[in-house]
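Have a look at the structure below before the remarks.
Only the coordinates and a few stated rules stand behind these numbers; no lab work does. Since the structure is predicted, the reported quantities are computational estimates derived from the model, not experimental observations. Heads up, the Cβs are rebuilt from the backbone with ideal geometry, glycines too, and the neighbour counts pull from every protein chain shown.
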Ligand code: SF4
């Protein structure tokens, strides 16, 4: 749906400046921003994807987001739209993120030929219709995921505000390329986020993601954490691109110093995809080395994803090394926390939020 945007300034010559993400696009009349989802019409900025969803939603284990220390064992109602403010050559969700909406958000148009006519219909859903669907599903959490949710600001804000009233927790799975103004609004209604640190240097961001650098992502992570949001970090390790051990160590030390040692870090295995097909899959030895670096840097909770590793799937108490949460793949098989979410063995606080095991167990 087309709706007037939030967080923009009117400039001269019918130009506008969008302040929803750190690109801060200055957009001429009849043009769109870098994310392709925002259109300037005669000096008024519109989002074209308000309530435009790629499907009615799906139900995922929260571990798939990945969030491992937030409502472990729960299902989460997951929704997405199209578009992204990044154009990463290795995007693992490119068939959603690199499509753009038509002029009223009823259709997604895709550059590459996965769909027969390179387009597909978007489902239109108001925030209250979506909240009703979530309630009927039995889920107590919603994730804005698969494409970049920060560019979906208006819909995310409206849905998450209603969700809060209905006691449903809201989660972003995001590249974190936000602005302080947008973050000030998001922290009022969003409960948790997984932020993707694509690398710990500016040149990777410039070359691979086509954005100016890493700093806005770090600023967002600090901003959200300081306002009480539960934060987990993902780092997709690509051989010969961002697998330098010194850089990984710098990233881990930054997380400890700025977000706290209790911040979960997920190292994720890369599989060749989209326009980056010239690298091999991440060796398990690289991921396990990163795991050891994170542990030595003082992080309490490090995980390995997208590949089976005996090291990186369970949650251990950082004090007594007892298994706090045992998993097989995304399935939680045991939780060893007391009623206050402390370690059942030694009583150490774990910083894990949410408790219990709740799978609603159906897909549509
Ligand atoms: S959301 Fe970001 S990329 Fe999209 S128009 Fe606004 S500033 Fe540009």
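At q = 0.07, 0.12, 0.14 Å⁻¹, what base-10 log of I(q)/I(0) does the Debye formula yield for the chain when every alpha carbon is treated as an equal point scatterer in vacuo?
After summing over all Cα pairs, the log10 values are -0.29, -0.89, -1.22.
Relative to the longest principal axis of the C-alpha atoms of the chain, give the angle of the C-alpha long axis of helix 245-258, reported between 0 and 90° and rounded to the nearest 10°.
The two axes meet at around 90 degrees.
Going by how many other Cβ atoms sit within 10 Å of their own, how do 11, 287 line up, fewest first?
Lowest count first: 11, 287.
Could you give the length gained by full extension between residue 126 and residue 336, i.e. 0.36 nm per residue of separation minus their alpha carbon distance, to one decimal place?
Stretched fully, the residue 126-residue 336 segment lengthens by 71.6 nm.
Which ordering of 220, 328 is given by a fewest-first count of other beta-carbon atoms within 10 Å?
328, 220
On a full-extension model of 0.36 nm per residue, what is the gain between residue 250 and residue 309, subtracting their alpha-carbon distance, rounded to one decimal in nm?
Result: 18.9 nm gained on full extension.
With each run of n ≥ 4 DSSP H residues scored as -39500 (n - 2.57), what mean residue ellipticity at 222 nm is computed for the chain after dividing by its residue count and rounding to the nearest 500 deg cm²/dmol?
One gets -6500 deg cm²/dmol as the mean residue ellipticity at 222 nm.
How many nm is it between the label spots at residue 284 and residue 258, if each spot is 7 Å from the Cα in line with the beta carbon?
Placing both labels 7 Å beyond Cα along the Cβ direction yields 3.3 nm.
Once both axes come from the Cα atoms, what is the angle between helix 127-137 and the longest principal axis of the chain, in degrees from 0 to 90, rounded to 10?
On a 0 to 90 degree scale, this one is about 30.
Taking the Cβ-Cβ separation of residue 42 and residue 188 as r and a Förster radius of 25 Å, what is the calculated FRET efficiency to the nearest 0.05?
With R0 = 25 Å, the Cβ-Cβ based efficiency is 0.20.
With no solvent and one equal point scatterer per Cα, compute the Debye intensity ratio I(q)/I(0) for segment 147-239 at 0.13, 0.17, 0.24 Å⁻¹ and report its log10, rounded to two decimals.
Relative scattering, expressed as log10 I(q)/I(0), comes to -0.43, -0.70, -1.25.
How many angstrom separate the Cα center of segment 231-297 from the Cα center of segment 1-54?
34 Å
With a point put 7 Å past each Cα toward its Cβ, work out how far residue 111 is from residue 273 in nm, to one decimal.
Each label point lies 7 Å from its Cα, and together they span 1.6 nm.
Treat the count of other C-beta atoms within 10 Å as a stand-in for reagent exposure and order 178, 119 from fewest to most.
Listed from fewest to most nearby Cβ atoms, that is 119, 178.
Using the alpha-carbon centroid of each, what span in Å lies between segment 300-356 and segment 143-161?
29 Å
May I ask you to compute the full-extension gain from residue 31 to residue 6, defined as 0.36 nm times their residue separation minus their alpha-carbon distance, rounded to one decimal in nm?
7.3 nm
Between residue 119 and residue 210, what's the calculated FRET efficiency when r is the beta-carbon distance and R0 is 22 Å? Round to 0.05.
About 0.40, to the nearest 0.05.
Would you mind checking the tilt of helix 215-226 against the longest principal axis of the Cα atoms of the chain, expressed as 0 to 90 degrees and rounded to 10?
Long axis of 215-226 versus the principal axis of the chain: about 60 degrees.
Starting from the Cα gyration tensor of segment 291-353, take the square roots of the eigenvalues, sort them a ≥ b ≥ c, and report rounded, prolate or oblate (rounded when a/c is under 1.5, otherwise prolate if a/b is larger than b/c, else oblate).
Oblate shape, in that a/c is at least 1.5 and b/c is the bigger or equal ratio.
Rounded, prolate or oblate: pick one for segment 3-49, where a ≥ b ≥ c are the square roots of the eigenvalues of its C-alpha gyration tensor, a/c under 1.5 means rounded, and failing that, prolate if a/b is larger than b/c, else oblate.
Taking the square roots of the gyration eigenvalues as a ≥ b ≥ c, segment 3-49 is rounded.
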